[in-house]
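Colleague: Take this structure first; my questions come after.
The values are calculated or read from the model by the stated rules, or taken from the named source; none is laboratory data. Computed from a predicted structure; not experimentally measured. Cβ coordinates were reconstructed from backbone atoms using ideal geometry, including for glycine residues, and neighbour counts include every protein chain displayed.
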Amino acid sequence: MKRESQRMRVLQANLHHNRAASAALSVVIRNCDLAVIQEPCPYKREIIGLKEVGGELIYSRSIPYPRTLYFSQERFSDTAVDASLF
């Protein structure tokens, strides 16, 4: 039996802490399986525009301006995530 190949849709972007870029990203990210976002736009320790996209956002909530966040349509609950990456 032939096995159908599946492609993972991955996005990498640097938002430069820009609100307009975050708003545009919230539309595009819904079609991604995995995204790596540098310099997201935070407000009160939440990432602007990405709260309602579903999936899972992984980033350090202990600092006011996270440098990187990871987004996944699937939950990483069974995966160990190294906190030093944040």
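Colleague: For residues that are over 18 Å from Val27 (Cβ atoms) and at pLDDT below 80, scanning just the range 44-60, find the one that is farthest from the chain's Cα centre (by Cα).
Modeller: Among them, the one singled out is Lys44.
Colleague: Return the pair list, or none, for Cβ contacts closer than 8 Å from residues in the range 14-36 that are at pLDDT 90 or above to residues that are acidic (Asp, Glu), at least 6 apart or on different chains.
Modeller: Asn14/Glu39; Leu15/Glu39; His16/Glu39
Colleague: Whether any residue in the range 18-33 is part of a strand (DSSP E or B) and of a type outside the set (Val, Ile, Thr) is what I want to check.
Modeller: Looking only at the range 18-33, we keep the residues that are part of a strand (DSSP E or B), and these are none.
No.
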